[in-house]
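Working notes for the structure below.
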Amino acid sequence: MRAVATVVMNRVNVSDGEYARVSQGGSIRNIIFQQGQFDCATEMLRNQYNSQNIYNMNPTEIHYYIADWAIAGNRLNEMGDCLWYLNPFKPSCDSTFPYNGSGTFHTRLGDHCFYRPTALYSQT
C-alpha cells in the first residue's frame, strides 16, 4: 500500500508532463479520479459493474494510516520517482510501461511492477 501511495504522490508532485497538468498544482483527487488510471475509482470496468470500488469498501485504520503517511510527505525510497505500477499477471515485468516508452522498468514489489519516467514522459 505504501508503494502505491508513493506512486500517487509522485504523480501529484511531478513538475511536468501529463500528471502535472492533471494534478493542477497538487490535487490528489484529480490524480486518483483521472479516467482509466485506478480501477478502484470507477464503478464500471469493461462494461461490467466493478464491485471492488472505493464506494463499496470500508476503509480500516491501516488505510487511513497509509493516506496520512503519504500526505505527510513520506515515500518508499525504493520506489524513487516511479509514476506507474501494474500487476502483469506473469512472472516478469515488461521493460517499458506505458507502451509509448514514457516509462522504464524500475523494480518489482510482490506481484506489481513499478516504472519511472523516461525523457519522453515530459512530452506527454
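Annotations
- 222 nm mean residue ellipticity, helices alone, for the chain (DSSP H n ≥ 4; -39,500 (n - 2.57); rounded to 500): -8000 deg cm²/dmol
- Ranked list, fewest to most other Cβ atoms within 10 Å of each Cβ, for 114, 97, 33: 33, 97, 114
- In the elastic network of the chain, a GNM with C-alpha springs shorter than 10 Å, the most mobile of 71, 31, 62 is 62.
- Label point at residue 118 placed 7 Å out along Cα→Cβ; residues across region 7-38 whose backbone nitrogen lies under 18 Å: 17-19
- Of all the options 72, 20, 41, the one that moves most in a Gaussian network model of the chain with Cα springs shorter than 10 angstrom is 72.
- Distance from the Cα centroid of region 80-118 to that of region 27-47 is 19 Å (rounded to whole angstrom).
- In this simple spin-label model, placing a label point 7 Å from the Cα along the Cα-to-Cβ direction at both residue 89 and residue 67 gives a separation of 2.9 nm.
Every number here is computed from the coordinates shown, using simple stated rules; none is lab data. A quick note: this is a predicted structure, and the numbers were derived from the prediction, not measured. FYI the Cβ positions are ideal-geometry reconstructions off the backbone, even for glycines, and counts take in every protein chain you see.
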